[in-house]
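Since the structure comes first, as structure tokens, the remarks are kept for the end.
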Amino acid sequence: MTFIDYLIIILYFVLSFSIAIIYSKRAGKDTSEFFLSGRNLPWYLAGLSMVATTFAADTPLAVTELVAKNGVSGNWLWWNFVFGGLLTVFFFAKLWRRAGIMTEVEFAEIRYSGKPARFLRGFRALYLGLFMNVIIMGWVNKAMVSVLVGIFNLPEESVFIYVLIAMTIVAIYSALSGLWGVVITDAVQFIIAMTGCIILAIYVVNSPQVGGISGMKNQLPDFVFDFFPRISSNNASFGNVLALTPTMFLAYIGLQWWASWYPGAEPGGGGYVAQRMMSAKNEKHSLLATLFFQIAHYALRPWPWILVGLGALIIYPEISSVNPKMGYIYAIRDFLPAGLKGLLVAAFFAAYMSTIATQL
């Protein structure tokens, strides 16, 4: 890391905090402005905020690990959530906006009544607002620590302090700026993060060790590039490719896609996705924002990470079976020149902060 790298990281933090200050007056008008941006978000900002929030510091590392274990098809462990996402787009996005509510808990109050409704609201507040929030922030913080340890080669104890400082900054700008500030910051952070990830993918794929896409195909077994998992009664018959038994396949098709719960992928909508839908200008903007989110989240965003993950299998074969997620971090450390390395570190801070801001 050089002076220019550290300067880029500092400028990123200055930019994020400046946005919070700019939008602080607007957020102070009323509770609707603070929590729902006055229900005036255009679809592209609401959609970008959804995508940015689901891009945390751990996301590229998780995708790299899936690719190392099961090839490209390993991503179907989370790609399968797209079916529930499409259900949200075409059946529920307009309804969330039409309901005119301010929070997801308020929906439970309108839909149900009596003691069961009070129990449901209390349970969701504790389970999602406290328990799940703590778990999500915990694994995102752990991933950010891993990134900084791998790049800067610092002890975890000192890195934890830097992550705590970043989390404090997030808490301050979230409290100051409300949803408008969070959404604008999300959009800026997402652009920075994806720019850095695309640049890293270009450097890794075109490195002498990998030799471009053709070199990648020559050095890796064919099953690594399989897009779909295979259906087989014998999971081990296809090397390390993701293989489902017929029973597992039927479970996914018949049950898992609509009954599963994962942050940002709740069938029907919920959490921060629902908040963005409720904040949209109108029902059309709510639908378009959610549709954009599904396309960007599942079809566009993962491919730079997948390419780096495939390249890491070639460049760092010694860690592919031990700690494969570190391949992404080592690629940042080993392949990016001065300036771009700082951009990638800023990109990881951007991914980290966009997720933490929403969870807070």
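Where a Cα-Cα gap under 19 Å defines reach, which aspartates and glutamates qualify for residue 25, not counting those fewer than 8 residues away within the same chain? Residue 25 reaches 33, 186.
Approximating the spin labels as points 7 Å out from Cα along Cα→Cβ, the residue 198-to-residue 213 distance works out to 1.6 nm. With the simple model of a label 7 Å out from the Cα in the direction of the Cβ, residue 168 to residue 137 spans 1.5 nm. For the stretch 71-77, backbone phi angles converted through the Karplus equation (6.51, -1.76, 1.60; θ = phi - 60°) give residue-by-residue couplings of x, 4, 5, x, 5, 5, 4 Hz, Gly and Pro being listed as x. Taking amide H atoms as placed 1.01 Å from N in the peptide plane, the amide H of residue 243 lies under 5 Å from those of 230, each 5 or more residues away in sequence or on another chain.
Can you pull a Stokes-Einstein diffusion coefficient for the stretch 1-60 at 10 °C (1.306 mPa s), Rh from Kirkwood over Cα pairs, as a whole number of µm²/s? Mind dumping the intermediate values first?
Numbers: Rh = 14.1 Å.
Taking Rh from Cα pairs, D becomes 113 µm²/s.
When the Cα positions of 131, 4, 203 are compared along the charge dipole of the chain, 131 comes out farthest toward the positive end, with charges on each C-beta of Lys, Arg, Asp and Glu.
Short version: what are the Cα gyration tensor semi-axes of the stretch 135-213, square root of 5 times each eigenvalue, largest first, in whole Å?
With the √(5λ) rule applied to the stretch 135-213, the semi-axes are 29, 20, 9 Å.
So which of 29/281; 29/94; 142/341; 69/142; 142/325; 217/325 end up more than 24 Å apart, counting from Cα to Cα? Flagged as over cut-off: 29/94. Only one item in [x] 1.19; [y] 0.95; [z] 1.02 matches Cα Rg over 2.2 N^0.38 Å derived from the coordinates shown, and that item is [z].
Net charge near residue 20, counting Lys/Arg +1 and Asp/Glu -1 over other residues with Cβ under 14 Å of its Cβ? Please list the in-between numbers first.
Working: positive: 25, 26; negative: 186.
The answer is +1.
Here the chain is assigned +1 on the Cβ of each Lys and Arg and -1 on the Cβ of each Asp and Glu. Its dipole about the Cα centre then comes out at about 1020 debye.
For residue 41, the residues whose modelled amide H falls within less than 5 Å of its own, excluding neighbours fewer than 5 places apart on the same chain, are 280, 281. Compactness of the stretch 211-360, taken as the C-alpha radius of gyration over 2.2 N^0.38 Å, stands at 1.31. Charge tally around residue 77: other residues with Cβ under 13 Å, Lys/Arg +1 each, Asp/Glu -1 each, net 0. Cβ under 13 Å from residue 68's Cβ, residue 68 left aside: what net charge do those residues give with Lys, Arg +1 and Asp, Glu -1? The answer is 0.
For the stretch 3-359, averaging the sequence separation of C-alpha pairs within contact (under 8 Å, six or more residues apart) and dividing by the residue count gives a relative contact order of 43 percent.
Read the figures in this text as sums done on the coordinates, not as results from a lab. A quick note: this is a predicted structure, and the numbers were derived from the prediction, not measured. Virtual Cβ from ideal backbone geometry, glycine too; neighbours counted across all protein chains shown.
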